[in-house]
Amino acid sequence: MADVEESVVETKGADLSKKSEADQKTAEAKAADAGKKPEGPTESKTNKNSKIWIAVGAVVLIAACICGWLFFVPNDIIKAPPAKRVASLDADAIYALDEFKNAEKQMKEFSDKKAAEFDKALKEKNGKAGAEAELQLLYRQLQNEVEVNNNKTMLPLKNKVTAAIAYVSAKKGLSVVLDKRIVVCGVPDITDEVKTVFQQKEEVKLPSEEDGSDSPIAYFDQSIVRKLKVFGEVDIKLTQARSDMAREYEKKAPKLSDSEREAMQREMSARFEALSQQMYAPLYQKVNNSVNKVAKDLGISLVLNKQTVMYGGRNITDEVIDTFNASLTGGAADESAASVPVADKAPAAK
C-alpha cells in the first residue's frame, strides 16, 4: 500500500512539474511576441516586510554588541566613558592565600597571650577597691598592644592587596569594586587579575586615590566605630559579668548532677546573651540612626559596610562617628531617620 501511495505522489509531482514547465514556456512565448524578456516571480508584500524587520533586527543586534564591547573593554584599549564602572572581587579567595594564613596564625597567638594576661589580672583584682578603673586601663593597654601587633603583621599585606586592586581598577577604568559576596550578577569579576598582581615579586605602587565625593556608593568603617570608648566600656562590663557567672557555676556545680549542670550552663548562657543584647542594642540603634541621618543629609541612597567595598566609593565614617557621638548626649541622631539601605547594620560584637 505504501508503494502505491509513493507512486501516486511521484506521479502527481511529475504532473505538476510538467505543468509548471508548460506555463513557463507559454509565458516566454508571450513575452517574445511582445519583444520583452520574461519576468521573474513577483515578490509578495509579506516577504518584503519580513526582510525589512530582519534588517532592523540585525542593526539592533550589532549596536548591542558594540555597546557591550564598549562597556567591558579594558581602559588600555579604549578610553572609558564617564559612566561609573563597578566590578566584584572574591575577598575570601584573596585572604585564603598562604601569606594571609600565616599572618592570622601569628596574630591569634599574640591575642591569646594578651587575653590570658587580662584574665589573670581580672581574677587577682576582682572585688578590690579601685579594681574597675585599673581593669579598664589594663584592658585598653592590652587592646592597644593587640591592635599595634595586628597592624604590624597584617597592614603590609592589606596595603599590597589594595595596591593590586587599585592597579587592576585603573587599568580597567573601574570606580568601585565590591565584595563578591554581596553581588549576585551584572558586574565583571577581577579576582584572578588581582591575585596575579598581588603575588608578583615586583613592588606594586598604589595609584593616586580617586575622588569618591560623587560616588553612587557610600560606606562607613564599622570596625572604627566599634573601637569607640563607649563600646569598650560595655566590653569591660560584659567581661566582668562573664567572670561572675563562671565563679557562680564553679561554686554550685560540684553539688549538681550532670543534667543539672547542663541546665545551669544553658541558663547562664541565655542570661549572658540577654545582658549582652540589652547593653549593645541601644548603641547599635544609635549607630544605625547616625548612618541614616548622614545618608539623608548627603543625599545618599545606598550605604555599605567598608569591608564590602574593596575599592572606591565615598567614605562617610567620620560623619557617622560625629553624629553618633552627638546622639550619646541626646543629639538629633537619637530620632529615627528615613530608612536608607545599610549592609551589615550593627557592628558585630567581639
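Only the coordinates and a few stated rules stand behind these numbers; no lab work does. Computed from a prediction, not measured in an experiment: that's the story for all the values here. In this analysis, Cβ positions are derived from the backbone assuming ideal geometry, glycine residues included, and neighbour counts consider all displayed protein chains.
Find out how many positive minus negative residues lie around TYR219, taking Lys and Arg as positive, Asp and Glu as negative, among other residues whose Cβ is under 9 Å from that of TYR219.
+1
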So the FRET efficiency between ILE182 and ASP318, C-beta based with R0 = 30 Å and rounded to 0.05, is 0.80
Expressed in nanometres to one decimal, the distance between label points 7 Å along Cα→Cβ at LEU302 and SER223 is 2.3
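Where Lys and Arg each count +1 and Asp and Glu each count -1, what net charge lies around ARG271 among other residues with Cβ under 13 Å from its Cβ?
Details: positive: ARG242, ARG266; negative: ASP244, GLU248, GLU267, GLU273.
That works out to -2.
Do any of LYS158/LYS306; LYS201/LYS306; LYS171/LYS195; LYS180/LYS306; LYS128/LYS237 go past 18 Å between their Cα atoms, and which?
Working: LYS158/LYS306 14 Å; LYS201/LYS306 28 Å; LYS171/LYS195 15 Å; LYS180/LYS306 13 Å; LYS128/LYS237 16 Å.
In this structure, LYS201/LYS306 lie more than 18 Å apart at Cα.
Between beta-carbons, use under 12 Å as the cut-off and find the net charge around ALA116, counting Lys and Arg +1, Asp and Glu -1. Let's see the in-between values first.
Numbers: positive: LYS113, LYS114, LYS120, LYS123; negative: GLU109, ASP112, GLU117, ASP119.
That sum, taken over residues with Cβ under 12 Å, equals 0.
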Between the residues MET107, ALA133, TYR167, the Cα farthest towards the positive end of the dipole of segment 81-199, that dipole coming from +1 and -1 charges on the beta-carbon of Lys, Arg, Asp and Glu, is from TYR167
Looks like segment 81-199, by Cα gyration tensor root eigenvalues a ≥ b ≥ c and the a/c under 1.5 rounded cutoff (else prolate when a/b is bigger than b/c, oblate otherwise), is prolate
